[in-house]
1. Considering each residue of the range A:16-58, count those that are away from chain B (no Cβ under 13 Å), of a type outside the set (Asp, Glu) and more than 19 Å from A:Asn99 (Cα to Cα), and give that number.
2. Restricting attention to the range B:65-103, and to residues there that are over 12 Å from the mean Cα position of the chain (by Cα) and part of a strand (DSSP E or B), which single residue is modelled with the lowest pLDDT?
3. Within the range A:26-63, restricting attention to residues that are small (Gly, Ala, Ser) and surrounded by fewer than 14 Cβ atoms within 10 Å (Cβ to Cβ), which residue is farthest from A:Pro93 (Cα to Cα)?
4. Counting only residues that are of a type in the set (Lys, Arg), free of Cβ contacts under 8 Å to residues at least 24 places away in the same chain and within 18 Å of B:Arg36 (Cα to Cα), how many does the range A:3-56 have?
5. If you check A:Thr86 against the conditions, is it β-branched (Val, Ile, Thr) and not in a strand (DSSP E or B)?
6. Run A:Tyr49 past the list (1) closer than 25 Å to B:Tyr103 by Cβ; (2) part of a loop (DSSP other than H, G, I, E, B) and report the number of the one that doesn't hold.
7. Go through the range A:67-83 and give me each residue that's of a type outside the set (A, V, I, L, M) and either assigned to a loop (DSSP other than H, G, I, E, B) or surrounded by 12 or more Cβ atoms within 10 Å (Cβ to Cβ) (or both).
8. Take the residues in the range A:69-113 that are small (Gly, Ala, Ser) and more than 28 Å from B:Glu30 (Cβ to Cβ), then tell me which one is farthest from the other protein chains (Cβ to nearest Cβ).
Amino acid sequence: QKEVEQDPGPLSVPEGAIVSLNCTYSNSAFQYFMWYRQYSRKGPELLMYTYSSGNKEDGRFTAQVDKSSKYISLFIRDSQPSDSATYLCAMKPQGGATNKLIFGTGTLLAVQP
Amino acid sequence: NAGVTQTPKFRVLKTGQSMTLLCAQDMNHEYMYWYRQDPGMGLRLIHYSVGEGTTAKGEVPDGYNVSRLKKQNFLLGLESAAPSQTSVYFCASGLAGTTYEQYFGPGTRLTVT
């Protein structure tokens, strides 16, 4: 079983829809939870991060972490065609000297105009 | 600032040939990483470095070697390429004190025939 599981999609939604992207994990030591966005044929870039549990909002994006269920989510409100990309969740435990991240496989999102 | 750059962008190798992928960053980051990205497998860490002159194995190190002679450069070598090494290779860098953000290069698409 992988430490981080993510539905690969693809997920296709109409413009303006609310999108929900999710990851589950098995390592209870994870404390940092990140979402990276990767456009086609580009490198990933950090979109949002959350430390421990709770919600974090940034414009149209909201990240949620439920440590009791080992489940994280990214919500995109009023989705736009420019949001079409692969979304990767990533996690790491507290501390450690290397800052190594564990990535999910990514969910491909297509927002149709 | 160029950020993280990778050379070359594309390469086709025959089985048994060797090559070196170059990663350079101009952000004075201590940590650097090499990943490979394959469909359905996500980003997998090959090797990483926490400082000049130091390297360590990641999740999938077999068949690869690395060197970090200068802080800004991280080289990934394939001594005898195999078709299983056909992949997209990403380099990333990060600060020692930043526990969640890695900055990725644009990737190198390698095909081994």
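1. Qualifying residue count, the range A:16-58: 11.
2. B:Gly94
3. By that ranking, first place goes to A:Ser40.
4. Initially, the range A:3-56 is screened for residues of a type in the set (Lys, Arg), giving A:37, A:41-42, A:56.
Filter once more, keeping what is free of Cβ contacts under 8 Å to residues at least 24 places away in the same chain: A:41-42, A:56.
Cutting the leftovers down to within 18 Å of B:Arg36 (Cα to Cα) gives us A:41-42.
Of the residues in that region, 2 qualify.
5. In short, no.
6. Looking at each condition in turn, A:Tyr49 falls short on (2).
7. Restricting attention to the range A:67-83, the residues satisfying the condition of being of a type outside the set (A, V, I, L, M) are A:67-71, A:73, A:75, A:77-83.
Answer for the range A:67-83, where residues must be of a type outside the set (A, V, I, L, M) and either assigned to a loop (DSSP other than H, G, I, E, B) or surrounded by 12 or more Cβ atoms within 10 Å (Cβ to Cβ) (or both): A:Lys67, A:Ser68, A:Ser69, A:Lys70, A:Tyr71, A:Ser73, A:Phe75, A:Arg77, A:Asp78, A:Ser79, A:Gln80, A:Asp83.
8. Across the range A:69-113, the extreme among qualifying residues is A:Ser79.
The values are calculated or read from the model by the stated rules, or taken from the named source; none is laboratory data. Values in this document were obtained by computation on a predicted structure and should not be read as measured data. Quick reminder, even Gly has a Cβ in these numbers, built from the backbone with ideal geometry, and neighbours come from all protein chains shown.
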